[in-house]
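The values are calculated or read from the model by the stated rules, or taken from the named source; none is laboratory data. Owing to the predicted nature of the structure, the values given are computational and were not obtained by experimental measurement. No Cβ is skipped: glycine too gets one built from the backbone with ideal geometry, and neighbour counts run over all protein chains shown.
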Number of protein chains: 2
Amino acid sequence: MKLQDIYRNLRRDLRWIEGELGKSVETEHHQLNRSATHLLEAGGKRMRPVFVLLSGQFGRYDVGRLKEIAVPLELIHMASLVHDDVIDDAATRRGRQTVKAKWDNRVAMYTGDYIFARALMIASRIGEPAVHQVLSRAIMQMSQGEIEQIRDFYNMDQSLLRYLHRIKRKTALLMAVSCHLGGLVSGADPEWVRCLRLYGYFVGMAFQITDDVLDIVGDEKTLGKPAGSDLRQGNVTLPVIYVLQRGSRKDRRLIANYLETEGRVGSIEEVLHRVSRSDGIGYADRLADRYLEKAMEVLSRLPGGEARESLRLIAEFVGDRSY
Amino acid sequence: MKLQDIYRNLRRDLRWIEGELGKSVETEHHQLNRSATHLLEAGGKRMRPVFVLLSGQFGRYDVGRLKEIAVPLELIHMASLVHDDVIDDAATRRGRQTVKAKWDNRVAMYTGDYIFARALMIASRIGEPAVHQVLSRAIMQMSQGEIEQIRDFYNMDQSLLRYLHRIKRKTALLMAVSCHLGGLVSGADPEWVRCLRLYGYFVGMAFQITDDVLDIVGDEKTLGKPAGSDLRQGNVTLPVIYVLQRGSRKDRRLIANYLETEGRVGSIEEVLHRVSRSDGIGYADRLADRYLEKAMEVLSRLPGGEARESLRLIAEFVGDRSY
């Protein structure tokens, strides 16, 4: 089985979810329709729905019920992306906001609010209080993660632990919850549900670490955005933290200057060049691999079959994401 | 009975809710704590909790259950205020955003997200699916209302209907839901619950119309913000719409110029002066009174007693808000 086979096997159900996603953001408001549809069409891998569907196969698979989880989870993910972009967008205009730019931002903020509200409305159809509790706790921790990210901007004195805590809330949590709830609503064995949640968490951590590495070593063409966009925004990721703590004195000074002056001293290209040639990249890659090993280990405790094989392939894919 | 008596009678229960509000936004994050606590301390009339408590008296009054509704509703209200302020704040800096200003905005956006997430987490403890459905539908309509508000900025061709639709979503809806859910979770007679919801809606409409009038005729000292802040942001409210449709030719041209140029031609003081001396103010006041009469009418269908008398006093207060 290959990665594409997963999507092929789930094709019909994913298409249904895609349709539901489209319907869920439909509104009579032209502006809202435009921004929400644009977001939807940007697509993405729909990892959260895939996790929900695959985890649902460890219990009584019922796509009608699973989509009621999958759709809100994907919408919550989309809403968080929109809010992430709100201020970045303003920044690219170099602080000179026209009235129009101001409104665009505001529209983006409210588009996020709206998509989020839609997610809640769909989720409210689910009867089980346990689902709401898992979901609302995750949303809360995610919103704390967003604030932690801002707090740590341009902060050199970050520990590895703090970084891991941050990406957990930013990425791993929602993937963990996708696996957790997919298993839960299908009535899978509680021990399996626990394993599924852990799997989602480990894969999510590896995914984000890899993403952060790609942002440093990747090029604009593959990334679809300029390389180093994290650092440009002051987002200090693992490879940079590594160099700040264990790099050569010259590299440390270069990066410290860049961060202390919030990017006004030194060039981003130079910083990226140094970090991408440092041991920080290998270190991050090894850490991602460790998380993936843990994911594989926890999978081995689940019953074999197509669902488990699919989850294994996804973990493998996360490890192999090409630069 | 006077207005203060309502608060006196509910004092113990409101104090409990206040404490819960404080606890609900407590977090280990300094930045979040600061902004959320600041918001809480700014206080306000806590109208939504008051509506929940009073409506709960038409069934089996249980403050333990009512606070699980009152706290999220007040938090949702607060979160919407924070998001309302996000871009306004940026605008007062005249478009010149420092890095710090950028972060402040971002922090404000995420503070709103966080408070909102907290509200959901508290609401998730409530077992009844009906409550979640009422709540999530209201949240969705509110977020649509926010977008409608932006769409209508500086728009001269607004009808009265469109204005009413907008303030319904902005204000009246959450008040209606407060009354609705207070009655619902107390197991009040369904017909009474319907009346309570209508009461909240009518009072909410009157409240917002009055608020919009005050923003034009009030002074900075009583308002706690500069007069005309609605118009400064391009928010075209009822008295202005009235003048645009039925005012003298001179007034119409003055306001049209101001709006068409997004405030660059003409002075805000002159516009405010014209509108505040126009028939638009009396028209808006009469419309608010009509809503309050409807609120009184619907109250008369509820059983008499202290709760009904309190709701009547609140409606009276909304009509008498001093300029």
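Name the residues in the range B:120-144 that are at pLDDT below 85 and part of a helix (DSSP H, G or I), would you?
B:Pro129 - this is the single residue of the range B:120-144 that is at pLDDT below 85 and part of a helix (DSSP H, G or I).
Given (1) more than 9 Å from every other protein chain (Cβ to nearest Cβ); (2) within 18 Å of the chain's Cα centre (by Cα); (3) surrounded by fewer than 21 Cβ atoms within 10 Å (Cβ to Cβ), identify the lone condition not met by A:Ser159.
(2)
Among (1) more than 13 Å from chain B (Cβ to nearest Cβ); (2) at positive phi; (3) not basic (Lys, Arg), where does A:Tyr154 come up short?
(1)
Given the structure, is B:Glu293 under 30 Å from B:Phe58 (Cα atoms) and in contact with a helix residue (DSSP H, G or I) (Cβ under 9 Å, 6 or more places away or on another chain)?
For B:Glu293, the condition - under 30 Å from B:Phe58 (Cα atoms) and in contact with a helix residue (DSSP H, G or I) (Cβ under 9 Å, 6 or more places away or on another chain) - is met.
Can you name the number of the only condition in (1) without any contact (Cβ under 8 Å) to a residue 40 or more places away in the chain; (2) surrounded by 13 or more Cβ atoms within 10 Å (Cβ to Cβ); (3) under 17 Å from A:Met156 (Cα atoms) that A:Val271 fails?
(1)
If the requirement is being surrounded by 12 or more Cβ atoms within 10 Å (Cβ to Cβ), modelled with pLDDT of 70 or more and more than 29 Å from A:Arg162 (Cα to Cα), which of these qualifies: B:Arg8, B:Arg12?
B:Arg8
Consider B:Ala108 carefully, then state whether it is surrounded by fewer than 24 Cβ atoms within 10 Å (Cβ to Cβ) and either at pLDDT below 85 or part of a loop (DSSP other than H, G, I, E, B) (or both). Walk me through it before giving the result.
Values: surrounded by fewer than 24 Cβ atoms within 10 Å (Cβ to Cβ): yes; either at pLDDT below 85 or part of a loop (DSSP other than H, G, I, E, B) (or both): yes.
Yes, satisfied.
Does any residue in the range B:178-205 that is free of Cβ contacts under 8 Å to residues at least 60 places away in the same chain come within less than 6 Å, Cβ to Cβ, of a residue that is among the polar types (S, T, N, Q) and assigned to a helix (DSSP H, G or I) six or more places away or on a different chain, and which pairs are these?
Qualifying pairs under 6 Å: B:Gly204/B:Thr171.
Go through the range A:26-45 and report how many residues are crowded, with 20+ Cβ neighbours inside 10 Å and at pLDDT 80 or above.
Pass one, the range A:26-45, residues crowded, with 20+ Cβ neighbours inside 10 Å: A:32, A:35-36, A:39.
Applying the additional criterion that residues be at pLDDT 80 or above yields none.
Residues that pass the stated criteria total 0.
Can you find a residue in the range B:64-74 that is within 11 Å of chain A (Cβ to nearest Cβ) and modelled with pLDDT of 85 or more? Reasoning before the result, please.
Filtering the range B:64-74 for residues within 11 Å of chain A (Cβ to nearest Cβ) gives B:72.
Narrowing further to those that are modelled with pLDDT of 85 or more: B:72.
Yes, because at least one residue in the range B:64-74 is within 11 Å of chain A (Cβ to nearest Cβ) and modelled with pLDDT of 85 or more.
Within the range A:152-168, is even one residue outside any helix (DSSP H, G or I) and under 26 Å from A:Gln57 (Cα atoms)? Talk me through it step by step, then tell me what you get.
Of all residues in the range A:152-168, those outside any helix (DSSP H, G or I) come to A:152-159.
If we keep only those that are under 26 Å from A:Gln57 (Cα atoms) as well, we get none.
Within the range A:152-168 (the criterion being outside any helix (DSSP H, G or I) and under 26 Å from A:Gln57 (Cα atoms)), the answer is no, since none of the residues qualifies.
This table checks each residue for (1) of a type in the set (S, T, N, Q); (2) farther than 18 Å from A:Ala307 by Cα.
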position: A:Ser35; (1), (2): yes, yes
position: A:Leu39; (1), (2): no, yes
position: A:Gly44; (1), (2): no, yes
position: A:Arg48; (1), (2): no, no
position: A:Phe51; (1), (2): no, no
position: A:Gly56; (1), (2): no, no
position: A:Gly59; (1), (2): no, no
position: A:Arg65; (1), (2): no, no
position: A:Pro72; (1), (2): no, yes
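Restricting to the range B:217-241, give me the number of residues that are part of a helix (DSSP H, G or I), within 21 Å of B:Asp279 (Cβ to Cβ) and at pLDDT below 95.
Residues of the range B:217-241 part of a helix (DSSP H, G or I): B:217, B:220-223, B:229-232, B:238-241.
Next, from what is left, pick out any that are within 21 Å of B:Asp279 (Cβ to Cβ): B:217, B:230-231, B:238-241.
Adding the requirement that they be at pLDDT below 95 leaves B:217, B:230-231.
Of the residues in that region, 3 qualify.
Of the residues B:Ile115, B:Ile147, B:Ile122, which is free of Cβ contacts under 8 Å to residues at least 12 places away in the same chain, facing chain A (nearest Cβ under 9 Å) and in contact with a Leu (Cβ under 9 Å, 6 or more places away or on another chain)? Explain how you work it out, then say what you get.
Details: B:Ile115 fails: free of Cβ contacts under 8 Å to residues at least 12 places away in the same chain; B:Ile122 fails: free of Cβ contacts under 8 Å to residues at least 12 places away in the same chain.
Checking each option against the conditions leaves just B:Ile147.
Search the range B:205-235 for residues being β-branched (Val, Ile, Thr) and closer than 20 Å to B:Leu173 by Cα, and hand back the single one that is surrounded by the fewest Cβ atoms within 10 Å (Cβ to Cβ). Break it down stepwise before answering.
In the first step, residues of the range B:205-235 are kept if they are β-branched (Val, Ile, Thr); the result is B:209-210, B:213, B:216-217, B:222.
Add one more test, that the residue is closer than 20 Å to B:Leu173 by Cα, and what stays is B:209-210, B:213.
On the way: B:Ile209: 29, B:Thr210: 22, B:Val213: 25.
Top of the filtered list is B:Thr210.
Looking at B:His165, B:His132, which is the one that is within 14 Å of chain A (Cβ to nearest Cβ) and more than 18 Å from the chain's Cα centre (by Cα)?
None of the other options fit; the residue is B:His132.
Can you confirm whether A:Ala295 is crowded, with 21+ Cβ neighbours inside 10 Å, part of a helix (DSSP H, G or I), of a type in the set (A, V, I, L, M, F, W, C) and in contact with a Ser or Thr (Cβ under 6 Å, 6 or more places away or on another chain)?
In short, no.
Criterion first (under 20 Å from A:Leu120 (Cα atoms), at pLDDT 90 or above and within 14 Å of chain B (Cβ to nearest Cβ)) does A:Pro49 satisfy it?
no
When you scan the range B:246-268, do you find a residue that is modelled with pLDDT of 90 or more, surrounded by fewer than 21 Cβ atoms within 10 Å (Cβ to Cβ) and hydroxyl-bearing (Ser, Thr, Tyr), even just one?
Yes, there is a match, as at least one residue in the range B:246-268 is modelled with pLDDT of 90 or more, surrounded by fewer than 21 Cβ atoms within 10 Å (Cβ to Cβ) and hydroxyl-bearing (Ser, Thr, Tyr).
Can we say A:Ala138 is surrounded by 22 or more Cβ atoms within 10 Å (Cβ to Cβ), among the small types (Gly, Ala, Ser) and out of contact with any Ser or Thr (no Cβ under 9 Å at 6 or more places or on another chain)?
It is true that A:Ala138 is surrounded by 22 or more Cβ atoms within 10 Å (Cβ to Cβ), among the small types (Gly, Ala, Ser) and out of contact with any Ser or Thr (no Cβ under 9 Å at 6 or more places or on another chain).
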